[in-house]
Amino acid sequence: MRHRKSGRRLGRTTSHKEAMFRNMVTSVFEHERIVTTTPKAKEVRKVVDKMITLAKRGDLHAKRQALSFIRSRDIVAKLFDEISGQFADRNGGYTRIIQTGQRRGDAAPMAILELVTYSENTVAEDTDN
């Protein structure tokens, strides 16, 4: 019985699932958008929102907490410097999940997980430089 056990198991061990979430959260902050399965996107969204809330606090303890989950110092610096400023006046709902249909090989439901402030134009301008 799974009584009082929160979160999806996703067919992985706890350590594998935690490592996958770390990688996915890092990718979301690096690219501001990822394509993944819907259950993974729903689980990762919880962690992404918590990291943005830490970044909005902005103190040293919050930065150390973020670094304990996101191992890349560059991504944490981007999170605290750029991304937290974009969400300064927002009280939650930092991410958006867009359903994209089913994956061709195994018919898994696919989705795009992106930050609400994501736009094609800003990412294209950043890559041109």
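Just so you know, all these numbers are worked out from the coordinates, no wet-lab data involved. Everything quoted here is computed from the prediction, not taken from an experiment. Ideal geometry is used to build each Cβ from the backbone, glycine not excepted, and the neighbour counts take in all protein chains shown.
In this structure the amide hydrogen of residue 108, modeled in the peptide plane, comes within under 5 Å of the amide hydrogens of 103, none closer than 5 places in sequence on its chain.
Take the Cβ atoms of residue 74 and residue 112, set R0 to 22 Å, and the FRET efficiency comes out at 0.40. Shown here: Cα Rg over 2.2 N^0.38 Å, derived from the displayed model; of the candidates (1) 1.11; (2) 1.01; (3) 1.44, it corresponds to (1). The length gained by stretching the chain between residue 96 and residue 121 to full extension, at 0.36 nm per residue less their Cα-Cα distance, is 7.2 nm. The simple spin-label model puts a point 7 Å past each Cα toward its Cβ; for residue 35 and residue 61 those points are separated by 4.2 nm.
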